[in-house]
Amino acid sequence: MNGKILATLAAVAVLLVTAVAVPMPAEASGDTDVLYDGGNGDTAWVRAEGATVGDVISDALVGLGMEFTVEAGTIHVDGVSSKTVGSGDTGGSLTGSGSTGATVTSEWHVFSWNGSSWEEVADTGAASDGSPLAIAFYPEGIRPVVTPDEPYAMTMSRGDSANTASFEALYSSDADYEVTWTDSGTAHATTLYAGGYIFQKYGIDSEGNARLVCIDADAGPDAGYVWEFEFMSGSNYESSTPLIVGDHIYVATMTGYIYRIPLYEGPGEDYGNVTSIGGASYADARPVESFLTSFEVGTTYDAGFSSMVFDSGAIYVTHSNGMVYCFDTDLGLIWSQMLGGSTYLVSPTVVDGYGFVGALDGHLYVLDAASGDMLADQMIAQYRYQAKLYGGVGQVAVIPNASGTYSLFFTFSDGLGMSQLNCGIAVYEFSPEGNVLIERYRNEDIGDLGRYVIPVSVGSFSGIYFVASPDSGTNLYRLDASGNLEVMTEGLAEIHAAPVLVNGAYLYLVSYSSAEPIYQIDLEGGIVGTASCPSGIRNFNMIPVLVLGDTVFGGTDSGIYRFDGAFPAYVAPTFEQGQPLILIIAEMLAAVLVALAAVYAILRYRGHEKPFAYLRSAFIHYLYGEDQSHNTRNRHRLKFVVIVGAVLTVLAFTLCLCIGSTSVLNPVEAYSALFSAISKGGVGLDSLETTVYVSRLPRTIAALAVGIGLSVAGCVYQAIIRNPLVDPYIMGVSSGAGVAAIAVIAFDFTFFGMFSSHSIFLTAITACIGGLIAFGCTMLLAEKAGGSAINYVLSGVVVGLAFSAVQTIMLTMAGNKLSNALSWLYGSFAEVTWSQVGIVVFLSVFLSLVPLIWAKELNLVLLGEDQARQMGLDVRRFNRWMLILASVLTSVCVAFCGVIGFVGLVIPHLCRMLLGSDHRMVLPASICFGGVMLMLADLLARTGYYGMELPVGAITTVIGIPVFAYLLIKRGRMYDG
Amino acid sequence: MDDRSRSTLSIALVLAGIILAVAAGSLITEAETDQAHGTVIDYGDRDTLWVETDISGFPTTGDLLEFACESNGLSLVRDDDGAIRELGGIDSTESAEWGLWVIYPGSTEWVHLDAPYTQDPTEFTITSWSYVGEGDEPTVAVDYSGNPIYGYQQKLRVVSLSPSITEILASVKAENIIVGVDSYSDHPQSVVDAAASGSIAVVGTYTSPSFELIMGTNPDVVFADSSQRSHAVMMEQLRDSGVDSVLLYPGEDLESIMDNIFIVGTVINYELAAGEVIGDTYEVINTLAEHVFTPDAGGNVDVMISLEPDISPWVSGADTYISSISELFNSTNVFSEWGGWVHVTSDRIPYADPDKIIIVTSEYSATQEEYDHLYSNLPAQWKDTQAWKDGEVYVICEGAADLVQRFGPRTAQVAELVAMILHPDAFDTDVPKIIGDDYEQYLSYSGYMGYD
């Protein structure tokens, strides 16, 4: 990218960031590239000509509307030769206001490009050899970050010390827009760019460490980080942006440290290259104290430093402790000033030697950037909520006026961030004569506002653009210094990130939700293009994009990304979020119709007069054809059932992943979220992935497994006991499990101290054991009574009644734990988590497979004990083992999700009605349909009534009964159980 | 396949299932409680100072104590054996002394450790240097699941899963940071309106909150109620997904309700507002107690609290909320031999012979006709009590019934109603026999504490 861009750059003047004070460049001429670097992030490239270095630079600055003179070897630009920040020692420190006596002086320096670095030119009278030149306003020893090889840089949070966030970039490519790379991390700090590298600060990982990483902008993170600096932070919200000056990057943390790291070398081994405030080494670094004064106003979301800006050799930063600090480039303190309230997150705005900063006391402060003296202090807005005062002033946008005054634009609020109740926007005029602040405009009826506005002076308009959310929707507005307010674009998605301006022509606005677009909007308010956040790192977007023409970098709470190519043209959205359910169903129906039509066409083509009639007869013949052998027919039927069952299972599974109480996804979205969640190992998921992987998938799998388990258990019981009314709970398992579960839930039974009372397995394991104990009682009784099937039924009923009675008594005494106990008894998958899914799935699926092996014996048992015995089966022994198996299966199912009725009773019957009583078909069919039914029932249970979990057992009954009734009417006559 | 190989296959399947399940189960590590990144200096009565620091940097608890005092400018005098003589200007005395109290991981119980303080601070969930009287315990420092309540950053997106928690949030003036509530939350009205208009999400019912809806609000912290089993499970799930969640105590008496308010305030950094609510509540209760424990108020009262006017009603045993409040005001619950709500046999009523009967019910509306009807139709067993004969049967219904069954910050109002019913002579205002939505107009001391 670099070569191409540079080539085109040579033709036009490209400003990366333009301070408002500087007029736009004039037409370029000549053949020497000259960089103007104002030393505050404000840079511009101009082509110029001349015999000597001085001539070339003079020509270049004329092009930028500035005057260049050299007097006695000292360079003056527009009459300014040097600036000194700092004054005499008045006892300033990190904890108290004042100057430290340290000073830093910036002067104009001229550099020449030697092909690999900037070299200072001592004599401006030397002849120009055509190599690129630079004129820069820095203290001794600092060289420009921008070079002819890497003509772009983004060195501070809003681009320059005036916080203009204005990029000059080149749109050159017609290439299709695509995502080039992504990297994961929590990006709340603006992405910085210098020398072809991306510098990104990430919030804490699972170990509590935050990071600053350097990524090769072209190669991306796949090639590995160029370097990485990890620091301890307690904060999720490492939201302040680092700062790049010369050959160093400065990172300020929410824990109160500032570190200085060599920009390209990185922190080095054991962070030996890192220094901190006062020049301390990394090991000796000490944080700035978080609390110096207890402010009676305002409140911060987090503690720590704001983003930093750099101007005239000094670093300006505020801290939530209420201080504004000015450091030199070695992080020596120059001055500090205590404000009347906390400051938070937003960097000060430094323009023409004035520092403008708002605080959470609702005041706007104007400081002398050189000495730190307080020039003006104006209360903008304060709100009293009950006992406490709140206030806040957002980042200040400054537009100098011809009269020598400055128009200040900013939002104000109660400082409560996203939960603010009151906010508004104001324009003040600051007059350096007498240091007066006068209100020119104020509007508190414009809805929800953020902290950032963007100054724009293009054509006849001079003012700000900003985003606000009135009662409904989010709009883009513009406002000039006279208070003329215009709506530019309506109906945008919710936006929290700061806007950026590119080429004085386009605003880029990033939607808060990554399901919503990143907008490219022209200054007339028309949406030119939109892009969407890459799916892998979808999450909330809080930071602005960094636009280098057709290359765009952005970030979310889950990571950062790079786009290349032009944004796709904007198409008005048709659906708010995901797709409506009706559309998904319609799509499926359409697919089925198309398939049917295709089949019809093919069969017609092959010469069948009535294709569907033919299909039907062929199908019936396939399943019921009298000319086939009994076994062939059965094999056909089994194949049919297994295929239909598998298809239904996949469909139901997909539906369960797609549909939920918060959103309806289309299957592609759902599965892509699922796979990306799996590929991440379930860690660091975005909100969509969390929904699918954490909240929907485990319970769907559990429902599938439990459905299979209960159906098979029911099937086995019905065969062994030869009674169609039998369900899996006939052996008293559910009552036993219920008694045990209620003992845990209502009476804090901890299994004699085996488990801690908070263990997630306590209820499940206790219930399982309770179920098995009840079955043990049943078996003991039945075996004593002779061990026949009828003995088992009777014992089971009696034991079940006994346990139910105990259960009822316990419920009566459960007091306020009653509802907890009842919710377990009703049965629900609401509490199934990944921790439990593995256990229930493996046990229930594997145990369900065992009866398949013994299907023929189950058929024999159905004939009656005597006949089965004659066929050589040890009926007693077989029955006993099958009952144990089915009871264990039932206990496992009950243990994790409570008592779910109906499935185990009805699914086997449904299968028998459809397929006859051969267990070689009934068992596989039960496996297929039991899972489907319970998955659909759980889907209804969690979506049927908005936000409320319905008892899944009741749902299974409600949806099962009509089906059952229909089949009973249709086939009941020939069905004998 | 012959029978033998089929049996082998069956056994293999069963074993495979069990082994895989056990493997899956053993892969899961039970959620562990967090460790506090700091230590607490606890002056007693929920007046605490949180000192945040990396505790692994301190070899012993004594070093941690020295640091905590030094960094906060507190004086510290210790014995030769390390015991604390004085801290921050407060001396250890016979009746109350400074000491180290700790909570071990997985527990919520305070353990008192003696000097010398050479323990490794990383062994504990939290350490607290507490000024504690004989038989007392330090200020609560972990939630019901054993997680420290200190060290959270300020929260701006809060979800409440119970009506009581919603009320607590409102009482500490944090209703503007609520982004989600359960569907049972019906107080204050501003929250109800916001939920109706959609600016606050409803994240399920009190008994079954929805993980998906909670995550949809992108919360900073979720407050759950340990008296709901589903909440404890939800808390684990949320913590697994990286959302801070706090499980409050089953607040069924004054102290644990105040603890819950303190916890909520501490977690969202609204300690000052929480302290105000707690202070106001105790002030009202103390004022009420002063009135009640005077000779004019007429001594101890035997009271029966019932949920319905039936022959064999459900009555309150000893440890219900309303019973614990009424016992603050010189009264005795006649059914205190039982715990919780009990279904009492009818002949116990005349046998217990209460002086006052309080019926808490949502079935009646607060009119004199309804009351007269109820009063004259009470079962014979009820009429055979002193309370009925004296006409001392009170009905709490409508909004007042909700009030006395809600374990939230309006405790002071509950207390005042109960105190007025139990000892009408001690107060200037008369309370009617049937109290409904208009209960606040009878409250002289706690009228402002409705937090709506």
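Details
- Summarising the label geometry, the points placed 7 Å from Cα in the beta-carbon direction at residue B:347 and residue A:594 lie 8.0 nm from one another.
- Tilt relative to chain A, helix A:762-784 - C-alpha long axis, 0 to 90 degrees, to 10: 10
- Shielding by partners - mean other protein chain Cβ count within 10 Å, residues of B:226-234: 5
- The rule of thumb for compact globular proteins, 2.2 N^0.38 Å, goes into the C-alpha radius of gyration of segment B:38-133 0.98 times.
- Between 0 and 90°, nearest 10: helix A:903-915 axis offset from chain A longest Cα axis: 70
- Computed from backbone phi with θ = phi - 60° and the Karplus coefficients 6.51, -1.76 and 1.60, the 3J(HN,Hα) list for segment A:104-113 is 9, 10, 9, 9, 7, 10, 10, 10, 10, 8 Hz; x is used for glycine and proline.
- Against chain A, whose longest principal axis comes from its Cα atoms, helix A:581-605 is set at around 60 degrees.
- Inter-chain shielding of A:830-836 (mean C-beta neighbours from other protein chains, 10 Å cut-off): 6
- Cα-based values for segment A:799-862, radius of gyration first and Dmax second, are 18.1, 51 Å.
- Spatial separation of Cα centroids for segment B:12-76 and segment A:390-452, in angstrom: 45
- Label point distance in nm, residue A:402-residue A:809, each placed 7 Å from Cα along Cα→Cβ: 9.7
- Pairs of Cα atoms farther than 15 Å apart, segment B:370-452, %: 59
- For chain A, adding -39500 (n - 2.57) for each run of n ≥ 4 DSSP H residues and dividing by the number of residues yields -10500 deg cm²/dmol at 222 nm.
- Beta bridges per DSSP, both residues in the protein assembly as shown: antiparallel share near 85 percent.
- Subset of B:173/B:433; A:639/A:970; A:680/B:173; A:201/B:173 violating a 28 Å alpha-carbon distance limit: B:173/B:433; A:680/B:173; A:201/B:173
- Taken residue by residue and averaged, Cβ atoms of other chains lying within 10 Å of the Cβ of B:173-184 number 2.
- For residue A:52, distant residues with modelled amide H under 5 Å away: A:128
- Computed from the C-beta positions of residue A:785 and residue B:107, the FRET efficiency with R₀ = 45 Å rounds to 0.40.
- Cα gyration tensor shape of segment A:578-627, rounded if a/c is under 1.5, else prolate or oblate by comparing a/b with b/c: oblate
- Working note: 222 nm ellipticity from helices only, DSSP H runs with n ≥ 4, each -39,500 (n - 2.57), summed and divided by the residues of chain B, gives -10000 deg cm²/dmol to the nearest 500.
- Of the residues A:636, B:423, the one with the fewest other Cβ atoms within 10 Å heads the list, and the complete ranking is A:636, B:423.
- Förster radius 45 Å - calculated FRET efficiency between residue A:431 and residue B:444, Cβ distance, rounded to 0.05: 0.20
- Cα gyration tensor, chain B - rounded (a/c under 1.5), prolate or oblate: oblate
- For segment A:301-397, the Cα gyration tensor yields ellipsoid semi-axes of 24, 14, 10 Å (square root of five times each eigenvalue, largest first, whole Å).
- Volume per residue that the Cα convex hull of the protein assembly as shown spans, once the total is divided by residue count, Å³: 237
- Cα convex hull of segment B:293-442, projected area averaged across orientations, nm²: 8.0
- Alpha-carbon centroid distance for the pair segment A:95-156 / segment A:692-706, whole angstrom: 61
- Proximal lysines relative to residue A:856, as straight alpha-carbon distance under 17 Å, when same-chain residues fewer than 8 apart are discounted: none
- For chain B, DSSP calls about 50 percent of its internal beta bridges antiparallel.
- Once the Cβ-Cβ distance of residue A:570 and residue B:75 is raised to the sixth power relative to R0 = 60 Å, the FRET efficiency obtained is 0.35.
- Sites matching GluC sites (Glu not before Pro) across segment B:345-452 that sit in DSSP coil, with at most 16 neighbouring C-beta atoms within 10 Å: B:363
- Annotation: the residues B:258, A:731, sorted from fewest to most other C-beta atoms within 10 Å of their own C-beta, follow the order B:258, A:731.
- Rounded to two decimals, the Cα-based Rg/Rh of segment A:628-974, with Kirkwood Rh, is 0.98.
- Bridge orientation summary for segment B:293-442: considering DSSP beta bridges with both residues in this region, about 25 percent are antiparallel.
Bear in mind that the values in this text are calculations on the coordinates, not laboratory data. For clarity, every value in this text was computed on a predicted model and none was experimentally measured. Note: ideal-geometry Cβ built from the backbone for every residue, glycine included; neighbour counts use all protein chains shown.
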